[in-house]
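Here the structure comes first, spelled out in structure tokens, and everything after it is commentary.
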Amino acid sequence: MYACFAGGSENKVPQNFEAKEVVDLQDEAVDPNLELGVTVYFPQVSANQVIMYDTSTSPKLASACLDFVEQMGMGVSNVVLSHKHGDHTAGLESKDLDKIDVVAQENTKSALSQGKGRVPDETFKQKANLGSGNNKVALMHFTAHTNDGTAACMGNLCLMGDECEDNIPFIAEPDRVVDQAKNLKQTIQTLESQSVDKVCPAHGNGATIFDGCFGLGLCKSNLKYLQLISSDTENTCAQTLQQLAPKIGRKEKDITQVYAEIHQQNCKAVASANGQ
């Protein structure tokens, strides 16, 4: 599998890589999510073809990632979207992707249809397969982060988009944080039932991602965080993310400043949704 990483915090970027490139975004806006680190994955579906899982935060970054994998001698058979958010779909506007079919969960297409950009060419409801044999990639629908999450799984490893996130989950829909926790618990049970023990998030520590990704403990840590912030918002939000780290199964050194700020944003959003 190939991967293309953009952005990231100091000391949290890939250490083992084939090539490094500076991409001039020119007139394209810089997405603040780049501070989190954004990874586009390219799992193989045949000897010389891959799928492109997500499209990064801009057309130019999508083109740069596509160019990288083509330099490795691989062609892209499909683009697969992990979900509807712009830091995963913005690259669809790259003209270099025009002739590549886009696959997504049906709720992703419904959401993107409300805008003016490109919409997926093919959709699925719960499950779909790309490739075959040892190169089969199984797409599965999950509903923790949003109602349209798509994981791409190969054997014991799943690409998770924002369903599991490093350091903590960004709570995009605070009015459903309790359901988000319940749904993530179901996701973990599904992954365990299929012997998945490696998860690759879209955001987070590039060094860990390029070293083989995370154990399923990342998702379990996300779940503990969601349970704490939904059941005891005041006490949870009175603590910094560094203070919370051991309570959610993380080490203080794992926490980046940008995710400490995400914790503060989550607290404000959940408190507001609770009328506080």
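The values are calculated or read from the model by the stated rules, or taken from the named source; none is laboratory data. The structure displayed is predicted, hence computed values, not measured ones. We place every Cβ from the backbone using ideal geometry, glycine too, and count neighbours over all the protein chains shown.
The figures follow:
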read-out	value
Options THR146, THR150; residue that is in a loop (DSSP other than H, G, I, E, B) and not charged (D, E, K, R)	THR146
Single unsatisfied condition, ILE168 versus (1) buried (at least 22 other Cβ atoms within 10 Å of the Cβ); (2) part of a helix (DSSP H, G or I)	(2)
Among (1) surrounded by fewer than 24 Cβ atoms within 10 Å (Cβ to Cβ); (2) touching a Ser or Thr at 6+ places or on another chain (Cβ under 6 Å), the one test that ALA207 misses	(2)
Pairs with Cβ under 9 Å, 6+ apart, first in the range 86-97 and under 20 Å from HIS145 (Cα atoms), second of a type in the set (D, E, K, R) and surrounded by fewer than 20 Cβ atoms within 10 Å (Cβ to Cβ)	GLY86/ASP31; ASP87/ASP31; THR89/ARG118; ALA90/GLU28; ALA90/ASP31
Sole residue being of a type outside the set (A, V, I, L, M, F, W, C) and at pLDDT 95 or above, chosen from ASN129, ASN167	ASN129
Qualifying residue in the range 145-152 (condition: touching a Leu at 6+ places or on another chain (Cβ under 7 Å), within 23 Å of ASP254 (Cβ to Cβ), hydrophobic (A, V, I, L, M, F, W, C) and crowded, with 16+ Cβ neighbours inside 10 Å)	yes
Residue match in the range 111-129 (condition: part of a helix (DSSP H, G or I), small (Gly, Ala, Ser) and touching a residue at least 24 places away in the same chain (Cβ under 8 Å))	yes
Subset of the range 46-64 [within 23 Å of LYS136 (Cβ to Cβ), at pLDDT 95 or above and touching a helix residue (DSSP H, G or I) at 6+ places or on another chain (Cβ under 8 Å)]	VAL50, MET52, ASP54, THR55
Failed item in (1) surrounded by fewer than 21 Cβ atoms within 10 Å (Cβ to Cβ); (2) touching a helix residue (DSSP H, G or I) at 6+ places or on another chain (Cβ under 6 Å); (3) under 23 Å from ASN78 (Cβ atoms), with VAL199 passing the rest	(1)
Matching residues, the range 6-45, being part of a loop (DSSP other than H, G, I, E, B) and at pLDDT 95 or above	PRO43
Pick from the range 210-233, criterion touching a residue at least 40 places away in the same chain (Cβ under 8 Å) and surrounded by fewer than 21 Cβ atoms within 10 Å (Cβ to Cβ), ranking: nearest to ASP31 (Cα to Cα)	PHE210
Residue list for the range 24-59, filter: under 24 Å from PHE170 (Cβ atoms) and surrounded by fewer than 20 Cβ atoms within 10 Å (Cβ to Cβ)	LEU25, GLU28, ALA29, VAL30, ASP31, PRO32, LEU34, GLU35, PRO59
Hits in the range 238-276 (condition: free of Cβ contacts under 8 Å to residues at least 60 places away in the same chain, assigned to a helix (DSSP H, G or I) and either buried (at least 19 other Cβ atoms within 10 Å of the Cβ) or small (Gly, Ala, Ser) (or both))	LEU244, ALA245, ALA260, CYS267, ALA271
Any hit, the range 96-105, residues being farther than 26 Å from GLU28 by Cβ and among the acidic types (Asp, Glu)	no
